[in-house]
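The values are calculated or read from the model by the stated rules, or taken from the named source; none is laboratory data. Fair warning: this is a prediction, and the values are worked out from it, not measured in the lab. Note that each Cβ is placed from the backbone with ideal geometry, even for glycine, and that neighbours are counted across all protein chains shown.
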Amino acid sequence: MPLIKDGHFVADDWSRPVEGEPAVAGAKLILAFARLEAEASDLIEAGHAVGVEITNDTDPAALEPWFDRLALIVVPFPRAADGRGFSIATRLRRLGYRGELRASGHLIADQYTLARSCGFDTVEISDAQAARQPEPHWLEAEHAMSLAYQRGYGPLRNILGARWAAQ
């Protein structure tokens, strides 16, 4: 599945291990939330970077005790019209999560600026979605706006901040 960072398709160095199979030494592993408490501490001690993939009804506060040990949180977008992932990302950033935040699923390039302003660093889409919206669409979306209306967590400054800076 293609991974988008800063509008570009990039290689994904994270893997989702199959339960019961040994992980490659030093691998970056994405665990389901249910496996996090059971296996994460041992995997971290073994030298793995650990991430978690949550569901879109997971309470972000449940991850707070793990923030300093998680390198990645994957937030799903199971349907194009399901925007709960944006709210989850905003809450995770407000709670203090500073690691990589990834949106995964049904996102389109038109939603990229919103995803970035909510705190997402990367977006993971299906191969079919990448065929419909190749890299130039995402790169154009990355640069479509230079200022945002609201304060956010992405690279855009907000309009009020720009006005204050100009004074």
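Quick notes on this one:
- The selection criterion, being of a type in the set (Lys, Arg), surrounded by fewer than 13 Cβ atoms within 10 Å (Cβ to Cβ) and in contact (Cβ under 8 Å) with a residue 12 or more places away in the chain, holds for Arg79.
- Count - residues of the stretch 36-76 that are surrounded by 11 or more Cβ atoms within 10 Å (Cβ to Cβ), among the small types (Gly, Ala, Ser) and closer than 19 Å to Ile88 by Cβ: 3
- The single condition from (1) of a type in the set (S, T, N, Q); (2) in contact with a Cys (Cβ under 9 Å, 6 or more places away or on another chain); (3) surrounded by 15 or more Cβ atoms within 10 Å (Cβ to Cβ) that Ser87 fails is (3).
- Lone unmet requirement of (1) closer than 22 Å to Asp12 by Cβ; (2) modelled with pLDDT of 95 or more for Arg116: (2)
- Residue check, Arg151 among the charged types (D, E, K, R), surrounded by 15 or more Cβ atoms within 10 Å (Cβ to Cβ), modelled with pLDDT under 95 and more than 23 Å from Val50 (Cβ to Cβ): no
- Of the listed requirements (1) at pLDDT below 90; (2) of a type in the set (A, V, I, L, M, F, W, C); (3) under 20 Å from Ser126 (Cβ atoms), Phe9 misses just one: (1).
- In the stretch 1-19, the residues that are of a type in the set (A, V, I, L, M) and in contact with a Leu (Cβ under 6 Å, 6 or more places away or on another chain): Val10
- Of all the listed residues (Ala11, Ala61), the sole one being over 24 Å from His106 (Cβ atoms) and among the hydrophobic types (A, V, I, L, M, F, W, C) is Ala61.
- Checking each residue in the stretch 109-146 for being surrounded by 17 or more Cβ atoms within 10 Å (Cβ to Cβ) and either of a type in the set (D, E, K, R) or not in a helix (DSSP H, G or I) (or both) picks out Arg116, Cys118, Gly119, Phe120, Asp121, Thr122, Val123, Glu124, Ile125, Gln133, Glu142.
- Identity of the residue in the stretch 14-35, touching a residue at least 24 places away in the same chain (Cβ under 8 Å) and under 19 Å from Leu63 (Cα atoms), that ends up surrounded by the fewest Cβ atoms within 10 Å (Cβ to Cβ): Arg16
- Hits in the stretch 45-81 (condition: more than 15 Å from Val123 (Cα to Cα) and of a type in the set (Asp, Glu)): Glu45, Asp57, Asp59, Glu64, Asp68
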